[in-house]
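Shown next, in structure tokens, is the structure this report addresses.
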Amino acid sequence: MLSDHLQVFDFNKKLKSWYLQNHRPLLWRQTSDPYKIWLSEIILQQTRVAQGTPYYEKFISDYPTVFDLAAADERDVLRLWQGLGYYSRARNMHFTARQIVAEFEGKFPQTAVQLAKLKGLGNYTAAAIASFAFGEAIPAIDGNVYRVMARLFGIFTDTLSNEGKKEFAAVAVQLVSHEDPATYNQAMIEFGALQCVPVAPDCKVCPFNDICYAFKFDMQAKLPVKTKKAAVRNRFFNYFILQKGDQLAMQERKGKDIWKGLYDFLMTESTELVDSPDVFFDDIVMYNILSKGRIREIPKVYQHLLTHQRLNVRFWWVDIPMNSDINLPEGLYFYSPEEIHSLPKPILVDTVLREEDYL
DNA sequence: TAATCGTGGGT
DNA sequence: TACCCAAGATT
């Protein structure tokens, strides 16, 4: 551990020097506008820079200010977010934009404590905005920073445990620069992202290989310590794409399951793969719907991987005659191709519709 | 508090 | 292939 102020001062000096020579010219670093910084931080949660960058550009273009975002429909915000995943980020961001306009006249709170009260902002994001936009001397500890600290100082406490968070935070508070906290936080994050990478870091060229615990004891692969993930569970979805003319029946997903707020089709979930449409007719509700139309061929199985789920999905296309008086279940409506294009959809649904040349 | 929330890239 | 992981937050 860095035991005194002189060592901390020296560490910060070398870190900043490394940063000034090696950092990437990322768009959201060219501004001190808290709205843009906030937007970038939400987008980058659990998301790679390469994947998030085009979304950042789209959002800044469509919603240049917090007022523009607040004035938007949630559906359009989700549509712009489509493909990024973790859609609660978009819903919370939209909610918070409206709160900032309604309660704070469009101005962001300026301290991490105040920022952390907003929906979608936890300790990390609040600290990041507070330091980047307002110069607060508070450490912003993301996954990169956990990794850097764990390796440098040989901290084996689980970074995701409460104990670990306290321990790492205590060390980080000692390290953070009070002269230039914004650059310090950017530098720690960038150092983790570029130099102290998760797999096979090139420690020969690391400016800290003289003091690094992990390098000294060859423990780079063991640090940081993280709890292992829960097992992936298998789920079996049967989607029914009811098509009437050029319109498809879609519905907004509700509840606590995946893809809340996005649009998909009539669906049943089963405990195993369904190979014949016969079983669907056992359910009276499904019978009443399916008997109004004609099921096409038995569709292929798509496997769609989420962090904790493996979805095995069949899309059963059902042609409904134009003169049918079919009554759709609650929440299900026919939409035109143009409307469907503008609806936010899970990437799997979007992919299938494109494959069928529908979108 | 441990489980859950997406998607895509890398190995 | 199967697994890891990526500027975390919420419940």
- Query: For the range A:111-121, does any single residue satisfy the condition of being open to solvent by 40 Å² or more (accessible area, probe 1.4 Å) and more than 16 Å from DNA strand C (Cβ to nearest atom)?
  - Reply: no
- Within the range A:305-343, of all residues that are in a loop (DSSP other than H, G, I, E, B) and surrounded by 13 or more Cβ atoms within 10 Å (Cβ to Cβ), the one nearest to DNA strand C (Cβ to nearest atom) is A:306
- Task: Would you mention how many residues in the range A:278-292 are under 16 Å from residue A:325 (Cβ atoms) and not in a helix (DSSP H, G or I)?
- Result: 2
- If you scan the range A:122-147, which residues turn out to be in a loop (DSSP other than H, G, I, E, B) and either surrounded by fewer than 24 Cβ atoms within 10 Å (Cβ to Cβ) or more than 9 Å from DNA strand C (Cβ to nearest atom) (or both)? A:122, A:135, A:136, A:137, A:138, A:139, A:142
- Keeping to the range A:303-326, report how many residues are over 20 Å from residue A:278 (Cα atoms) and under 26 Å from the mean Cα position of the chain (by Cα). 9
- Task: Consider residue A:229 carefully, then state whether it is touching a Ser or Thr at 6+ places or on another chain (Cβ under 9 Å) and over 28 Å from residue A:344 (Cα atoms).
- Result: yes
- Query: Considering the range A:286-304 alone, what residues qualify as being without any contact (Cβ under 8 Å) to a residue 24 or more places away in the chain and within 16 Å of DNA strand C (Cβ to nearest atom)?
  - Reply: A:300, A:303
- Message: Among the listed residues A:57, A:41, A:74, identify the single one that is in contact with a His (Cβ under 6 Å, 6 or more places away or on another chain) and at negative phi.
- Response: A:74
- Query: Take the residues of the range A:148-171 that are buried (at least 21 other Cβ atoms within 10 Å of the Cβ) and assigned to a helix (DSSP H, G or I): which is farthest from the chain's Cα centre (by Cα)?
  - Reply: A:152
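Looking only at helices (runs of 4 or more DSSP H) that fall completely inside the range A:1-93, which ones have 2 or more residues that are open to solvent by 60 Å² or more (accessible area, probe 1.4 Å)?
A:5-22, A:49-62, A:66-71, A:74-81
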- Just give me the residues in the range A:307-343 being β-branched (Val, Ile, Thr) and touching a Leu at 6+ places or on another chain (Cβ under 7 Å), in sequence order. A:313, A:318, A:320, A:340
- Item | Positions within the range A:94-121 being assigned to a loop (DSSP other than H, G, I, E, B) and among the charged types (D, E, K, R), in sequence order | A:105, A:107, A:117, A:119
- Message: Is it the case, given these coordinates, that residue A:272 is among the charged types (D, E, K, R), in contact with a strand residue (DSSP E or B) (Cβ under 7 Å, 6 or more places away or on another chain) and surrounded by fewer than 12 Cβ atoms within 10 Å (Cβ to Cβ)?
- Response: yes
- From the residues in the range A:257-269 that are assigned to a strand (DSSP E or B) and charged (D, E, K, R), which one is most open to solvent (accessible area, probe 1.4 Å)? A:269
- Test result for residue A:254, open to solvent by 80 Å² or more (accessible area, probe 1.4 Å) and within 30 Å of residue A:322 (Cα to Cα): yes
- Restricting the range A:173-191 to residues that are in a loop (DSSP other than H, G, I, E, B) and either among the hydrophobic types (A, V, I, L, M, F, W, C) or open to solvent by less than 40 Å² (accessible area, probe 1.4 Å) (or both), the residue that is nearest to DNA strand B (Cβ to nearest atom): A:176
- Task: Please find, within the range A:192-245, the residue that is least open to solvent (accessible area, probe 1.4 Å) out of those that are among the charged types (D, E, K, R), touching a Phe, Trp or Tyr at 6+ places or on another chain (Cβ under 9 Å) and away from DNA strand B (no atom under 16 Å from the Cβ).
- Result: A:244
- Task: Exactly one condition in (1) touching a Leu at 6+ places or on another chain (Cβ under 8 Å); (2) outside any loop (DSSP other than H, G, I, E, B) is not met by residue A:243; state its number.
- Result: (1)
- Message: Need pairs with beta-carbon distance below 6 Å; first residue away from DNA strand B (no atom under 11 Å from the Cβ) and within the range A:44-61, second part of a helix (DSSP H, G or I); sequence gap 6+ or separate chains.
- Response: A:56/A:40; A:56/A:43; A:58/A:80; A:59/A:39
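The values are calculated or read from the model by the stated rules, or taken from the named source; none is laboratory data. Worth saying up front: this structure is predicted, and the values here are computed from it rather than measured. Please note: Cβ atoms are built from the backbone with ideal geometry, for glycine as well, and neighbour counts cover all protein chains shown. To get the accessible areas, we keep the full protein, side chains included, count just its heavy atoms, and leave off ligands, DNA and RNA. Shrake-Rupley method; radii C 1.70, N 1.55, O 1.52, S 1.80 Å.
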